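Read the structure below first, then the notes.
FYI, it's all coordinate maths here, none of it is from the lab. Since the structure is predicted, the reported quantities are computational estimates derived from the model, not experimental observations. Note that we place each Cβ from the backbone using ideal geometry, even for glycine, and neighbour counts take in every protein chain shown.
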């Protein structure tokens with residue numbers, strides 16, 4: 001930029017004045033939109049996907065005329081990334097923000113940006129949840145309560161009964177559950193399925209299978225003292241080897257990335273027969289498969305132990321102006337009565353022992369999934385499940401192993417090479 | 001007195017909006033990013049202390065950075081170079097007495113105004129492994145289906161196709177505008193001298209629109225080096241971490257920045273990548289400037 005010498009200095013001063021003026025103007029423009037008429041308070045609730053809050057929020061507003069509630073729904077990844085930048089910027093976050101279990105360790109490092117719900121007496125509610133669910137949201141040796149638990153993701157196995165029938169396998173859900181106890185038997189049944197000459201593959205992709213296996217272990221890449229054990233924990237190596245062994249075996253994997261567009265097409269075209277499905281996935285399976293495949297899916301027991309995949313918490317960012325009111329609303333949305341209603345509306349599995357015994361939950365059947373008694377199936381899986389500990393740096397390491405298995409699945413690497421590369425990448429990610 | 005003040009003040013007021021906007025949205029972020037890159041900066045928790053050039057030395061020692069740089073250059077070359085040549089040809093065609101000229105001219109801009117998300121969705125289907133059109137066509141001539149995102153070359157080709165599809169028309173219109181400003185009598189005298197249309201194109205049109213070619217080259221270079229939306233959206237939705245495939249086969253520099261900053265919350269490293277990218281782009285722009293000037297001048 002070549003500014004004329006004579007004008008330069010005066011120009012700079014002038015420009016500086018103008019900038020200051022403009023900044024002052026924009027400063028005035030950033031008004032406060034939450035302060036309405038009288039003492040009406042607006043609370044925003046930000047979630048990803050459908051949490052089933054709409055009818056509940058209507059009831060709440062009717063009972064609390066001074067409170068106006070807005071729901072903000074964004075896509076999963078975008079929701080959490082936006083929350084991170086808004087916490088960093090100190091503005092823009094909703095009064096209540098949902099945080100998924102997988103993101104909790106990452107956000108726990110920034111707990112100062114959240115309200116300690118213990119200050120409002122959240123500890124008195126502890127008994128409401130399954131103990132492991134309650135503990136997932138704690139920090140500071142239990143003195144800091146980051147969020148109130150919403151749903152959880154007890155594991156089950158979804159299968160296409162029509163494809164099972166065509167392959168000469170049992171169709172009825174108890175008989176299917178009896179086909180396996182562990183994953184080895186599950187893969188062996190897969191061999192039988194492939195042997196029948198079915199055009200469909202046995203499962204959707206290694207991503208889901210490996211995720212399910214890892215969620216059945218008490219801890220994965222980090223032990224409960226948060227030390228990295230990805231290279232020494234036999235549970236990791238065992239799961240990795242089991243999945244790697246079938247990843248590129250003909251007929252086994254449809255080689256689809258979970259949640260991708262191609263995965264959805266796979267449901268519609270029926271390109272695979274089974275996949276591990278936490279309760280929140282039922283909606284995705286139904287949407288992907290479409291009405292033409294209604295009644296073809298059914299639900300059986302997951303191979304291996306029970307496990308949890310997913311589930312969220314409602315947190316209250318500190319930057320909000322109405323922390324107390326936000327807490328009261330979060331308490332209402334996570335109450336046993338609300339969770340029971342949510343389960344019936346959108347199928348999110350309650351994370352509370354009392355709700356899991358609620359007859360309305362236990363007796364609930366899902367028409368799309370061949371009228372499977374989903375309430376009973378998932379309540380049982382929820383009570384017996386083995387929670388999985390996630391280390392603080394889990395998000396840095398977990399994807400590394402997932403990508404390694406994807407390389408095996410794509411036929412780019414042998415299992416041994418993929419494992420070696422994963423270990424070195426994980427070490428590098430943690431090296432800093 | 002007032003008149004003099006007016007005369008001195010008014011020009012500054014006229015140019016002020018640009019400088020104000022530039023200061024707020026250009027200079028400030030640039031300097032703030034530089035500041036962040038010298039610190040251990042967590043996306044949410046903020047400043048974790050001054051660490052000098054440690055972020056830079058870490059970055060240069062990181063093989064993933066060099067991988068991203070190579071990917072970016074490869075994608076840049078295979079998308080920008082053909083794109084500009086096709087655009088030049090397209091502009092020459094649109095500059096002739098075509099039937100329904102306005103329709104074609106407006107038409108070439110359509111890919112550019114369609115949302116990049118929609119374009120990426122469509123291309124993900126086109127390059128789908130199991131049910132994609134490209135693989136279906138390959139199957140007709142007896143070729144095995146290709147898992148496009150799985151390999152380096154195939155993922156780069158697919159992404160380059162998306163980029164070329166989106167930006168060729170835009171560049172063609174810019175060339176067309178420049179070509180319309182070429183005086184007709186130059187073509188007439190060229191024809192009198194016995195030059196073919198082909199020859200006239202290279203000896204009359206191209207030298208005259210040289211500044212425009214320089215402009216599009218610089219702009220495409222900047223855009224190409226910052227390639228982000230197309231490869232990110234090429235990733236499947238379930239894995240939108242910015243890693244660019246199972247082995248980082250199509251991770252560009254900006255995707256690497258995204259991975260560091262928004263997936264791993266390491267804003268200090270992300271800021272460092274942003275600054276290194278800025279310097280690379282500046283270097284390329286200078287290089288471009290020199291090369292295009294010389295080669296086009298020598299024609």
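So how do B:38, A:362 line up by other beta-carbon neighbours within 10 Å, fewest first?
Numbers: B:38 18, A:362 15.
Exposure proxy ranking, most exposed first: A:362, B:38.
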If you scale each eigenvalue of the Cα gyration tensor by 5 and take the root, what three semi-axes come out for chain A, rounded to whole angstrom and sorted largest first?
42, 29, 21
Quick one: what does P(r) look like for segment B:56-297 with 5 Å bins over all Cα pairs, in whole %?
1, 6, 12, 14, 15, 14, 12, 10, 7, 4, 2, 1, 0, 0
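Tally the DSSP beta bridges in chain A and give the antiparallel ones as a percent, rounded to 5. The partial results should precede the final answer.
On the way: 23 of 38 bridges.
In chain A, DSSP labels about 60 percent of beta bridges as antiparallel.
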With r as the distance between the Cβ atoms of residue B:4 and residue B:186 and R0 = 41 Å, compute the FRET efficiency 1/(1 + (r/R0)^6) and round to 0.05.
0.30
For chain A, the longest principal axis of the Cα atoms and the Cα long axis of helix A:394-409 enclose an angle in degrees, to the nearest 10, of 40
Projected label distance in nm at residue B:197 and residue B:25, using a 7 Å step from Cα toward the beta-carbon
4.2
Angle check, please: helix A:54-63 long axis (alpha carbons) against the longest principal axis of chain A (alpha carbons), in degrees 0 to 90, nearest 10.
50
If each residue's Cβ is checked for other Cβ atoms within 10 Å, how do B:278, A:364 rank with the fewest at the top?
B:278, A:364
Sites residue B:290 and residue B:116, calculated FRET efficiency, Cβ-Cβ separation with R0 30 Å, nearest 0.05
0.40
Can you bin every Cα-Cα distance in segment A:145-218 into 5 Å intervals starting at zero and give me the percent of pairs per bin, rounded to whole numbers?
3, 12, 22, 23, 17, 9, 5, 4, 3, 2, 0
What does a probe at residue A:42 reach in segment A:82-111, counting residues whose amide N is under 17 Å from the point 7 Å along Cα→Cβ?
A:91-97
Just want the ordering: B:69, B:53, from fewest to most Cβ atoms lying within 10 Å of their own Cβ.
B:53, B:69
Measuring from the longest principal axis of the C-alpha atoms of chain A, the long axis of helix A:323-333 (C-alpha) lies at a number of degrees, nearest 10, equal to 20
Roughly what % of Cα-Cα distances in the protein assembly as shown sit above 37 Å, to the whole percent?
50
